[in-house]
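J.: I have a structure I would like to understand better, so I am pasting it below and will then ask my questions one at a time.
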Amino acid sequence: MAKNRYYNSSLTHHTPDGFCNTEPLTIKRQDVRKWSLDRFKNKYPHAPKAGYDDFFATWWQEADFSDLTDGVWWLGHSTSLIRVNNITILTDPVFSYRASPVRFLGPKRRTPAAAKVEQLPHIDAIVISHDHYDHLDYPSIKKLLARFPDVQFFVPLGMKAWCLKQGVKNVIELDWWQNTEFKQIEFTFVPARHWTQRSLFSKNRVLWGGWFIRSPQQTVYFMGDTGYSPTLQTISQRLGPIDIALIPIGAYAPRWFMKNQHIDPYEAVQLFQELQCKKAIAIHWGAFELADEPIDEPPELLTQALEKQKLTNELFLLLKIGGKYSIDDKN
């Protein structure tokens with residue numbers, strides 16, 4: 001393996017060969033095999049209780065961009081459109097049918113993205129949390145660059161070379177806790193407990209994390225993918241109050257395998273409280289079947305978790321795919 005050109009021995013998440021978590025996260029080959037065999041044997045994931053058509057009718061709508069006041073549109077999975085201070089930001093844009101390096105294999109969508117690239121309003125910036133195929137999608141990036149050739153990319157350390165190869169003109173890569181300003185908005189790359197790999201020999205060669213976006217009016221925290229870690233509390237401790245957090249609630253089963261890399265709905269609520277977020281939007285569910293739970297289970301468990309803590313869905317929102325949370329009206 002090539003040595004890490006970004007290696008800094010004073011930083012605990014840097015290694016000579018790449019990056020690591022501040023807490024151990026090891027995915028063993030035998031565990032992957034066991035999970036795959038169990039998945040095949042039990043025919044996981046099972047269909048939603050009322051079927052896929054009913055799930056689609058209940059949880060999907062076409063995104064409406066006719067009113068471009070400040071807010072957050074959830075477009076599906078981890079793709080959201082954030083509008084703050086007259087700037088439009090896309091998170092982890094994936095519009096393809098599969099989350100895969102090839103078009104004929106890999107997890108396929110059960111619900112389409114709530115908008116096509118051709119339907120999007122002008123995009124000023126794109127933030128990427130990590131390089132897994134359900135978060136960094138080559139065909140989507142190419143379509144976005146064709147429409148918005150001057151869009152500004154913000155990416156984790158180690159990803160800039162990939163972006164330049166795809167034709168991205170404007171790209172800034174950041175380490176954990178580094179920040180930069182763009183059109184009066186501050187972007188800070190913050191830690192997460194996860195991992196990266198895009199090819200056979202590229203494990204943890206690119207960093208992973210979330211994005212803390214600070215405008216003059218609002219702070220928005222896009223969590224990316226993460227397992228639970230008490231160190232995530234340092235994000236609000238260091239950067240201040242979080243007005244809106246985009247928190248993943250899906251791809252958590254089975255817990256023995258997914259626990260270190262993906263939070264479940266109960267841990268999502270725990271982090272919502274520990275970070276003292278004013279509002280949250282549930283993301284990373286309802287599109288791709290990446291784990292063993294049925295796609296209608298995450299919102300049920302989130303509602304149960306909120307009720308257990310005497311909280312409501314008015315604080316931790318369950319938007320439809322394509323739905324909008326309007327900052328002007330509700331904050």
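Bear in mind these aren't lab numbers, they're just calculated from the coordinates by the rules spelled out. For clarity, every value in this text was computed on a predicted model and none was experimentally measured. With ideal geometry, Cβ positions are generated from the backbone for all residues, glycine too; neighbour counts draw on all protein chains shown.
J.: Hey, what do the phi angles of region 159-167 turn into as Karplus ³J(HN,Hα) couplings, whole Hz, using 6.51/-1.76/1.60 and θ = phi - 60°, x for Gly and Pro?
T.: After applying 6.51 cos²θ - 1.76 cosθ + 1.60, I find 9, 4, 4, 4, 4, 4, 5, 7, x Hz.
J.: Provide the gained length on full extension for the span Thr303 to Ser202, in nm with one decimal, where the gain is 0.36 nm per separating residue minus the Cα-Cα distance. Intermediate results must be reported in sequence, preceding the final value.
T.: Numbers: separation 101, 0.36 × 101 = 36.36 nm, distance 3.79 nm.
Gain on stretching Thr303 to Ser202: 32.6 nm.
J.: Quote the charge dipole size of region 71-330 about the Cα centre in Debye, to the nearest 20; the model charges only the Cβ of Lys and Arg (+1) and of Asp and Glu (-1).
T.: 640 debye
J.: How much FRET efficiency would the formula 1/(1 + (r/R0)^6) give for Lys165 and Lys3, where r is the Cβ-Cβ distance and R0 is 22 Å, rounded to 0.05?
T.: Details: r = 20 Å, r/R0 = 0.92.
So the FRET efficiency works out to roughly 0.60.
J.: Do you know the relative contact order of the chain, to the nearest whole percent, from alpha carbon pairs under 8 angstrom that are 6+ apart? Intermediate results must be reported in sequence, preceding the final value.
T.: Values: 710 pairs, mean separation 65.7, N = 331.
Relative contact order for the chain comes out at 20 percent.
J.: Separate question: What does a probe at Ala47 reach in region 253-291, counting residues whose amide N is under 20 Å from the point 7 Å along Cα→Cβ?
T.: Residues 286-291 qualify, since their backbone N sits under 20 Å from the label point.
J.: Let me ask something additional. Given H placed on each backbone N at 1.01 Å, which residues far from Gln152 in sequence or on other chains put an amide H within less than 5 Å of it?
T.: When sequence neighbours closer than 5 places are left aside, the close amide H contacts are Ala125, Ile126.
J.: Among Gly240, Gly209, Gly76, which one moves the most in a GNM of the chain with springs linking Cα atoms closer than 10 Å?
T.: Of Gly240, Gly209, Gly76, the Gaussian network model singles out Gly240 as fluctuating most.
J.: Here is a follow-up. Can you find, among Ser78, Ala146, Gly106, the residue sitting farthest towards the positive end of the charge dipole of region 71-330, where Lys and Arg contribute +1 and Asp and Glu -1 at Cβ?
T.: Ala146
J.: Now, a different point. Along the charge dipole of the chain, which of Gln197, Ile295, Ile281 sits closest to the positive end, that is, farthest toward it, with unit charges on the beta carbon of Lys, Arg, Asp and Glu (+1, +1, -1, -1)?
T.: Gln197
J.: I've got another one for you. How large is ³J(HN,Hα) for each residue in region 280-293, as worked out from phi by the Karplus curve 6.51 cos²θ - 1.76 cosθ + 1.60 (θ = phi - 60°), to whole Hz, x for Gly and Pro?
T.: Values per residue, Gly and Pro as x: 9, 10, 6, 10, 6, 7, x, 10, 9, 8, 8, 9, 8, 6 Hz.
J.: Then there is this: Expressed in nm to one decimal, what extension gain is obtained for the pair Arg39 and Lys142 from 0.36 nm per residue of sequence separation less their Cα-Cα distance?
T.: On the way: separation 103, 0.36 × 103 = 37.08 nm, distance 3.35 nm.
Fully extending the segment from Arg39 to Lys142 adds 33.7 nm.
J.: Mind checking the log10 I(q)/I(0) for the chain at q = 0.06, 0.10, 0.12, 0.16 Å⁻¹? Debye, one equal scatterer per Cα, no solvent, two decimals.
T.: One equal scatterer on each Cα of the chain leads to -0.18, -0.54, -0.80, -1.60.
J.: Now for a different question. Sequence-distant or interchain residues sharing an amide H contact under 5 Å with Gln197, placed H: which?
T.: Asp131, His132, Asn204
J.: Report the Rg/Rh value for region 205-280, based on alpha-carbon coordinates and the Kirkwood definition of Rh. Walk me through the numbers on the way to the answer.
T.: Details: Rg = 12.5 Å, Rh = 12.8 Å.
Answer for region 205-280: 0.98.
J.: HN-Hα J couplings of region 72-77 from phi, Karplus 6.51/-1.76/1.60, θ = phi - 60°, integer Hz, Gly and Pro as x?
T.: Those phi angles translate into 10, 9, 8, 9, x, 6 Hz.
J.: What residue among Gln261, Gln276, Gln178 has the largest mean-square fluctuation in a Gaussian network model of the chain, using Cα springs under 10 Å?
T.: In the Gaussian network model the winner is Gln178.
J.: Evaluate the distance, in nm, between pseudo-label points positioned 7 Å from the Cα of Leu315 and of Gln217 along their respective Cα→Cβ axes.
T.: Placing both labels 7 Å along Cα→Cβ, they lie 2.5 nm apart.
J.: Would you mind checking region 52-93 for residues with the amide N under 17 Å from a putative spin-label position 7 Å along Cα→C-beta of Gln184?
T.: Hits in region 52-93 for Gln184 at 17 Å: 69-71, 83-89.
J.: Filter the chain for me: DSSP H helices, axial length by Cα at least 27 angstrom, mean Kyte-Doolittle hydropathy not below -0.5. List them by residue number.
T.: Taking the DSSP H segments of the chain (at least 27 Å long, mean hydropathy at least -0.5), we get none.
J.: Right, another one. Say R0 is 30 Å: what FRET efficiency, to the nearest 0.05, do Gln237 and Ala57 get from their beta-carbon distance? Could you put the intermediate results ahead of the total?
T.: Working: r = 42 Å, r/R0 = 1.41.
Result of the calculation: an efficiency of 0.10.
J.: Sticking with this one: Evaluate the distance, in nm, between pseudo-label points positioned 7 Å from the Cα of Ser100 and of Thr26 along their respective Cα→Cβ axes.
T.: About 3.2 nm separates the two model spin labels.
J.: Here's something else I'd like to know. For Gly18, list long-range residues whose amide hydrogen, built 1.01 Å from N in the peptide plane, is under 5 Å from its own amide hydrogen.
T.: Amide H to amide H, under 5 Å and 5 or more residues apart or across chains, Gly18 pairs with Asn4.
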